[in-house]
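The structure under discussion appears below in the form of structure tokens.
No lab work stands behind these numbers, since they all come straight from the coordinates. It should be emphasised that the depicted structure is a prediction, and the values quoted were computed from it without experimental measurement. Note that we place each Cβ from the backbone using ideal geometry, even for glycine, and neighbour counts take in every protein chain shown.
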Ligand SMILES: Cc1cc2nc3c(=O)[nH]c(=O)nc-3n(C[C@H](O)[C@H](O)[C@H](O)COP(=O)(O)O)c2cc1C
């Protein structure tokens with residue numbers, strides 16, 4: 001199994017220690033990305049990635065190698081401390097550079113582990129934000145480890161061990177989980193957008209090229225009967241709403 005770790009902390013301390021404890025329960029090859037070292041310039045809002053192609057991002061030389069590592073991995077580990085009740089600017093900047101995945105999701109077969117540390121608060125909301133973001137990328141299942149260190153140099157090892165073992169077992173199983181209803185809604189939104197009268201050309205090409213418009217959800221995932229009906233009903237409505 002291959003794993004990529006994206007470390008959004010500028011240092012290797014609390015959050016990184018949690019990642020290292022988790023890693024002891026995961027067998028495989030690891031690639032580490034320390035965003036602090038990557039020096040990705042700030043997203044300048046040019047919209048090239050969204051409207052034209054991700055290849056047109058002026059910072060593509062920095063972003064593409066990281067994205068390629070994520071594409072090659074079976075499991076993605078994303079770590080961030082809470083900074084001012086959110087992810088670090090380092091991680092947010094990386095997420096801004098990958099915003100096109102909202103329009104053109106492609107990580108349907110990947111599982112992820114989110115690791116968040118904080119001094120006192122915000123850890124659950126920050127983990128939820130990362131979870132929601134990467135499920136928009138298509139990620140099939142997200143596991144979360146959060147901890148409020150509060151000045152202590154100790155961690156909830158029981159929780160770290162339990163969650164990381166579950167994550168590793170799931171990655172190894174290759175099992176594809178049924179998506180949440182919200183994920184299906186977003187799939188249908190982008191599908192309806194791609195098929196609309198005035199689509200974003202890059203999105204249309206992507207959805208068509210990968211035959212995603214032919215499915216109720218990603219082709220790799222077999223929706224249960226209820227979710228298949230739900231997706232069709234959603235798409236029926238959205239097709240009429242999104243002109
Ligand atoms: C700039 C900055 C902002 C922070 N904001 C918060 C915060 O909003 N809430 C909180 O409880 N802790 C906050 N912290 C504390 C860190 O989240 C906490 O110490 C974390 O474990 C640091 O992780 P690291 O050792 O991986 O850098 C902040 C720390 C820094 C440096």
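Using a simple spin-label model with pseudo-atoms 7 Å out from Cα toward Cβ, residue 162 and residue 62 lie 4.0 nm apart. For the chain, give the share of DSSP beta bridges that are antiparallel, in percent and rounded to the nearest 5; count only bridges with both residues there. In the chain, DSSP labels about 5 percent of beta bridges as antiparallel. Which of 196, 53, 173 moves most in a GNM of the chain, Cα contacts under 10 Å? Maximum among the listed residues: 173. Considering only 44, 178, 93, the Gaussian network model of the chain with Cα springs below 10 Å gives its largest mean-square fluctuation to 44. The radius of gyration of the Cα set in region 131-191, together with its Dmax, comes out at 15.2, 47 angstrom. When the chain is treated as a Gaussian network with alpha carbon springs shorter than 10 Å, the biggest mean-square fluctuation among 135, 23, 12 belongs to 12.
The orientation-averaged projection of the convex hull spanning the C-alpha atoms of the chain amounts to 13.2 square nanometres. Values of log10 I(q)/I(0) for region 165-243 across q = 0.17, 0.21 Å⁻¹ run -0.69, -0.93, by the Debye formula with one identical scatterer at each alpha carbon and no solvent. To the nearest ten degrees, helix 123-136 and the longest principal axis of the Cα atoms of the chain are 30 degrees apart. Extending 7 Å from Cα along the Cβ direction at residue 42 and again at residue 1 yields two label points whose distance is 3.9 nm.
Estimated from helices alone, the mean residue ellipticity of the chain at 222 nm is -14000 deg cm²/dmol (sum of -39500 (n - 2.57) over DSSP H runs with n ≥ 4, per residue).
Our summary gives the chain a relative contact order of 20 percent, counting only alpha carbon pairs under 8 angstrom and 6 or more residues apart.
Stretching the chain fully between residue 12 and residue 220 yields a gain of 71.3 nm (0.36 nm per residue, less the alpha carbon separation).
On a 0 to 90 degree scale, rounded to 10, what angle separates helix 181-194 from the longest Cα axis of the chain? Around 50 degrees separate the two axes. The share of alpha-carbon pairs in region 104-243 lying farther apart than 24 Å comes to 42%.
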